Amino acid sequence: KLNKKLGGGGILDVGCYPVSMARLLAGAALGKDFAQPLEVSGMAHLGQQSNVDEYATALLKFDNDILAQLACGVQLEMDNTVTVFGTEGRIEVLSPWFGSGIEGGSTSMLIKNNSGELQEEIVTATDRWLYAIEADTVAENLERGQARSPAMSWEDTLGNMEVLDQWRQCAGLQYSSDN
């Protein structure tokens, strides 16, 4: 996770998750599958020994003045939630990256009004292992002869990588493969 020769650092390791979520949510608000930000700004703490981003933050600006504030890190414990703020309240996704847990379980999405009062709780549950779901999805699509995921298109994947590259550029993080 810290080996620069292997693309180490938080942005490329775990930054893809908040970037993908922000692009998904902005897209939904704009009536699309996903949206590409108009502007990306970011910064990072580059480790003195590792020379990679040990933790980082970014701001994304989308059409219609949709803003996203992101953070990720591999050397700093952060709050793993997604909060979507709107004019009438907010939605809090309590465990967006692990959903119901690595080994299955349940998780909640909380809908709150502007006063922070809980209006609704949506609970999802599964007994499937998190990484097994990913592997099973790939296997099922390969068995059908499909090289593409039904959940994330090539265009979406490449768009996500473009944002990660812009974030790294803002943070001053370059790898030898960038040259």
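The values are calculated or read from the model by the stated rules, or taken from the named source; none is laboratory data. These figures come from a predicted structure and were not determined experimentally. Cβ coordinates were reconstructed from backbone atoms using ideal geometry, including for glycine residues, and neighbour counts include every protein chain displayed. Accessible surface is based on the protein model in full, side chains and every heavy atom, while ligands, DNA and RNA are left aside. Shrake-Rupley method; radii C 1.70, N 1.55, O 1.52, S 1.80 Å.
Quick one: how many residues across segment 148-178 are open to solvent by 80 Å² or more (accessible area, probe 1.4 Å) and either at pLDDT below 80 or not in a helix (DSSP H, G or I) (or both)? Residues meeting the conditions: 4.
Okay, residues lined up against (1) at pLDDT 95 or above; (2) closer than 17 Å to A29 by Cβ; (3) in contact with a helix residue (DSSP H, G or I) (Cβ under 6 Å, 6 or more places away or on another chain):
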{"residue": "T81", "(1), (2), (3)": "no, no, no"}
{"residue": "I91", "(1), (2), (3)": "yes, yes, no"}
{"residue": "L94", "(1), (2), (3)": "no, no, no"}
{"residue": "S100", "(1), (2), (3)": "no, no, no"}
{"residue": "L110", "(1), (2), (3)": "yes, no, no"}
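The residue list L70, L59, L76, L46 contains one member that is touching a strand residue (DSSP E or B) at 6+ places or on another chain (Cβ under 9 Å) and within 21 Å of T107 (Cβ to Cβ), which is L70. Candidates are the residues of segment 99-111 that are open to solvent by less than 70 Å² (accessible area, probe 1.4 Å) and not hydroxyl-bearing (S, T, Y); the one that is nearest to the chain's Cα centre (by Cα) is G99. Among the residues that make up segment 21-37, is at least one of them surrounded by fewer than 17 Cβ atoms within 10 Å (Cβ to Cβ), farther than 17 Å from Q75 by Cβ, acidic (D, E) and free of Cβ contacts under 8 Å to residues at least 40 places away in the same chain? No, segment 21-37 contains no residue that is surrounded by fewer than 17 Cβ atoms within 10 Å (Cβ to Cβ), farther than 17 Å from Q75 by Cβ, acidic (D, E) and free of Cβ contacts under 8 Å to residues at least 40 places away in the same chain.
Kindly list the number of the only condition in (1) over 23 Å from A151 (Cα atoms); (2) among the charged types (D, E, K, R); (3) part of a loop (DSSP other than H, G, I, E, B) that fails for K32. (1) is the only condition that K32 fails. Which members of segment 62-98 meet the condition of being open to solvent by 30 Å² or more (accessible area, probe 1.4 Å), within 17 Å of V19 (Cβ to Cβ) and over 15 Å from the mean Cα position of the chain (by Cα)? Of everything in segment 62-98, those that are open to solvent by 30 Å² or more (accessible area, probe 1.4 Å), within 17 Å of V19 (Cβ to Cβ) and over 15 Å from the mean Cα position of the chain (by Cα) turn out to be D63, I66. Looking at this structure, is V40 within 16 Å of the chain's Cα centre (by Cα), crowded, with 16+ Cβ neighbours inside 10 Å and outside any strand (DSSP E or B)? Judged against the criteria, V40 is not a match.
For segment 112-124, the criterion of a residue being touching a Leu at 6+ places or on another chain (Cβ under 6 Å), surrounded by 15 or more Cβ atoms within 10 Å (Cβ to Cβ), under 21 Å from M78 (Cα atoms) and modelled with pLDDT of 85 or more is satisfied by no position. The residue pairs whose first member lies in segment 65-90 and is among the aromatic types (F, W, Y), whose second member is in a strand (DSSP E or B) and surrounded by 12 or more Cβ atoms within 10 Å (Cβ to Cβ), and whose beta carbons are closer than 9 Å, counting only pairs six or more residues apart or on different chains, are F85/I91. Among the residues of segment 69-123, the one identified as polar (S, T, N, Q), part of a strand (DSSP E or B) and under 26 Å from G47 (Cβ atoms) is Q69.
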